[in-house]
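**Student:** Here it is: the structure, laid out below.
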Amino acid sequence: MKVLDPKILLRLSKNGIQKEEFETLLGSDADLGLELLKAQGMNIVLHNGMYRFQSAITSVKDTLFCIVDVESNGSKPSQHQIIEIGAVKLQNWKIIDTYESLVYCTDISDQIQDITGIKTEQTLKAPALSKVMREFRLFLGDAVFVGHDAKFDYNFVSAMMERVGLSKLLNRSLCTIDLAERTIESERYGLAYLNTELELYKEATHHRALSDAMTTTKLLKRVLNLIPETITNTEELIAFSKEAKRLKRPKAKKEEEKKAVKVEE
């Protein structure tokens, strides 16, 4: 579909595309094409004669974020599967809903069972992947997909959607690692490390999906209080997370100070 071209997506995220041009891109049945995109989570709206992402005209505060974490039985979506998914919906800085489910699976290595605490006997009693993905598709809707290393979670969820016969995800996405690197000075940006250093979520159980989603939610709220005041909408926030200069890590600063001392000597 022509509207999925990166240049078209960039225009939708910024100034928008005129109604006639965009409907031509959608093809002969523009209304159906638009509905199909929305069903996949791409929230496109007609605003002042221009088609744009809803996130390009919605303030960060008013945006509906869905913070997602998945646990899987391997790192490759083409070969492995989700064994647990957890998600938190956040809007106006308030948690408005949560979703959590184990997923039926017969093959979990001892290593992953040790890391996650999820045992095969648990997933053998869990709902089928098709049921969980359909439930989660409805839960996610057209919210902005947020994850700590969002690419991993997004790609896994999208691949699982396609595996059960659903369309791939087209939701806008945001990574809290990217945001944290641009708003918080830290030696490391792993979720467990940031949770300890920033005291985000004392009840956290690392490598359990809903717990990690909740920790990520608390991190998101923290970093949103640190973004520049010039950011007025969520597309600007997404751009900031990708394009703004990363903060120097404390270790790097210490090394520079040591070099400066040596030069003075």
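The values are calculated or read from the model by the stated rules, or taken from the named source; none is laboratory data. In this text, all values refer to a predicted model and were calculated from it rather than measured experimentally. Positions of Cβ are backbone-derived with ideal geometry, glycine not excepted, and every protein chain shown enters the neighbour counts.
**Student:** Taking region 130-155 only, how many residues are of a type in the set (Phe, Trp, Tyr) and either closer than 16 Å to Tyr104 by Cβ or not assigned by TED's automatic domain parsing to the domain that holds Leu200 (or both)? Break it down stepwise before answering.
**Tutor:** Residues of region 130-155 that are of a type in the set (Phe, Trp, Tyr), as a first pass: 136, 139, 145, 152, 154.
Applying the additional criterion that residues be either closer than 16 Å to Tyr104 by Cβ or not assigned by TED's automatic domain parsing to the domain that holds Leu200 (or both) yields 136.
So the count comes out to 1.
**Student:** Turning to a different aspect of this structure: Give me the pairs: first residue in region 46-67 and free of Cβ contacts under 8 Å to residues at least 12 places away in the same chain, second residue buried (at least 18 other Cβ atoms within 10 Å of the Cβ), beta-carbon distance under 6 Å, and six or more apart or on different chains, which are they?
**Tutor:** Note: no pairs meet the criteria.
**Student:** Quick one: which strands (runs of 3 or more DSSP E) sit completely within region 42-129 and have at least 3 residues that are in the same structural domain as Ala209 (by TED's automatic domain parsing)?
**Tutor:** Answer list for region 42-129: 65-72, 82-91, 94-102.
**Student:** A further question on this structure: Of the numbered conditions (1) more than 14 Å from the chain's Cα centre (by Cα); (2) over 26 Å from Asn73 (Cβ atoms), Ser130 satisfies every one except a single condition; which is it?
**Tutor:** Failed condition: (2).
**Student:** Moving on. Looking at region 178-190, which of its residues are among the aliphatic types (A, V, I, L, M) and out of contact with any Ser or Thr (no Cβ under 9 Å at 6 or more places or on another chain)?
**Tutor:** Ile184
**Student:** Select, from Leu170, Leu138, Leu174, Leu179, the only residue that is part of a loop (DSSP other than H, G, I, E, B) and under 25 Å from Leu64 (Cβ atoms).
**Tutor:** Just a single option satisfies the conditions, and that option is Leu170.
**Student:** Ok, one more. So which helices (runs of 4 or more DSSP H) are wholly in region 191-265 and hold at least 2 residues that are within 14 Å of the chain's Cα centre (by Cα) and either of a type in the set (A, V, I, L, M) or at pLDDT 95 or above (or both)?
**Tutor:** Helices (runs of 4 or more DSSP H) meeting the threshold: 209-224, 234-243.
**Student:** Right, another one. For region 131-164, enumerate the residues that are of a type in the set (Gly, Ala, Ser) and crowded, with 16+ Cβ neighbours inside 10 Å. I'd like the intermediate steps shown before the answer.
**Tutor:** In the first step, residues of region 131-164 are kept if they are of a type in the set (Gly, Ala, Ser); the result is 141, 143, 147, 150, 158-159.
If the condition is that a residue be of a type in the set (Gly, Ala, Ser) and crowded, with 16+ Cβ neighbours inside 10 Å, then Ala143, Gly147, Ala150, Ser158, Ala159 are the ones that fit.
**Student:** So how many residues does region 1-39 have that are assigned to a loop (DSSP other than H, G, I, E, B) and surrounded by fewer than 18 Cβ atoms within 10 Å (Cβ to Cβ)? Even if it seems obvious, please write down each step before you answer.
**Tutor:** Looking only at region 1-39, we keep the residues that are assigned to a loop (DSSP other than H, G, I, E, B), and these are 1, 5, 14-16, 27-29.
After this cut, where a residue has to be surrounded by fewer than 18 Cβ atoms within 10 Å (Cβ to Cβ) as well, the list is 1, 5, 14-15, 27-29.
The qualifying residues number 7.
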